[in-house]
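Read through the structure below, which is laid out as structure tokens, and then see the notes.
The values are calculated or read from the model by the stated rules, or taken from the named source; none is laboratory data. Every value quoted in this text rests on a predicted model; they were computed, and no experiment measured them. Here the Cβ is made from the backbone with ideal geometry for all residues, glycine too, and neighbour counts use every protein chain on show.
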Amino acid sequence: MEYDGTVMVEADGLSMRFNLGVEKSFSLKQWFVELGGARRKKQPPFEALRNVSFTVRRGEVVGLVGANGAGKSTLLKLVAGVMKPSEGSVRCGGSVCPMIELGAGFDPQLSARENIYLNGAIMGYSRAFLDSRFDDIVAFAELWDFLEVPVQNYSSGMVARLAFSIATQTEPEILIVDEILSVGDAAFQAKSEEKMLSLMRGGTTVLFVSHSVEQIRKLCSRALWLEHGVLREDGDCETVCAHYLAASGL
């Protein structure tokens, strides 16, 4: 595909299967169990996604709705390039910032200061860039008093604040967000949402997962409804959310 400057994400026939019955290494305990006839049954592959196709254009803010296990997070990971699909393809027409598992790149034994440089390097930021944004990162996360404290002593909310602050220091062309705006206290949630809105106003294309349908309605113009790994509906956010809630009995 040749991008015309408007197509930012193109997913074509995406399928993702996981082997739930992965063979474990042999052990003496396992041998005795199987000797008694309790051999582990082979599990069929689990289809997290099945033949999902869609296109997202520049500046669109698209929400993903669906029950737990519907395949929303798996789809975001495929778009972000964290995983490769079992079948199909996904292409992105710009720089991608995945905010999927905040703090996944942190070393718990290092301080916040050290983790800013470590996590920033993992995300592709240069040392010079991080030096120039260091004060902004710490100020946004509100962690000046804990800058030299090992991250292993942080609460989950503090870790999320630091990771969100690092991740949003650039203005990516494509932003991948998975349940991020529900972390931290109410004040930080409001600040994070305003940061998201700022990126959207700047023309950033967004794929957004939240269990809060109201949040999806507030931030998104379009929605994808996934059900058991299948794309059930793709369209106007209000319409799709209404159909999803009705089907869920809500």
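Residue-wise test of (1) of a type in the set (S, T, N, Q); (2) under 19 Å from ARG133 (Cβ atoms); (3) at pLDDT 85 or above.
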position: SER165; (1), (2), (3): yes, yes, yes
position: THR168; (1), (2), (3): yes, yes, no
position: PRO172; (1), (2), (3): no, yes, no
position: LEU175; (1), (2), (3): no, yes, yes
position: GLU179; (1), (2), (3): no, no, no
position: ALA190; (1), (2), (3): no, no, no
position: LEU197; (1), (2), (3): no, no, no
position: ARG201; (1), (2), (3): no, no, no
position: SER210; (1), (2), (3): yes, no, yes
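Within the stretch 82-106, residues that are touching a residue at least 60 places away in the same chain (Cβ under 8 Å) and outside any loop (DSSP other than H, G, I, E, B) have Cβ atoms under 6 Å from residues that are surrounded by 15 or more Cβ atoms within 10 Å (Cβ to Cβ) and among the acidic types (Asp, Glu) in these pairs: GLY88/ASP12; SER89/ASP12; ARG91/GLU10, counting only partners at least 6 apart in sequence or on another chain.
Count of the stretch 222-250 residues, restricted to those that are loosely packed, with under 14 Cβ neighbours inside 10 Å and not in a helix (DSSP H, G or I), is 5.
Here is a yes/no grid of residues against (1) buried (at least 16 other Cβ atoms within 10 Å of the Cβ); (2) modelled with pLDDT of 65 or more; (3) not in a helix (DSSP H, G or I):
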site: VAL9; (1), (2), (3): yes, yes, yes
site: GLY21; (1), (2), (3): no, no, yes
site: PHE26; (1), (2), (3): no, no, yes
site: PHE32; (1), (2), (3): no, no, no
site: LYS42; (1), (2), (3): no, no, yes
site: ALA48; (1), (2), (3): yes, yes, yes
site: LEU64; (1), (2), (3): yes, yes, yes
site: ALA67; (1), (2), (3): no, yes, yes
site: LEU75; (1), (2), (3): yes, yes, no
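Pairs meeting the criteria (first residue in the stretch 49-70 and within 20 Å of SER248 (Cα to Cα) and touching a residue at least 60 places away in the same chain (Cβ under 8 Å), second residue in a strand (DSSP E or B) and of a type in the set (Phe, Trp, Tyr), beta carbons under 9 Å, at least 6 apart or on different chains) are GLY63/PHE208; LEU64/PHE208; LEU64/TRP225; VAL65/TRP225; GLY66/TRP225; ALA70/TRP225.
For the stretch 97-110, residues that are crowded, with 16+ Cβ neighbours inside 10 Å and modelled with pLDDT of 85 or more total 2.
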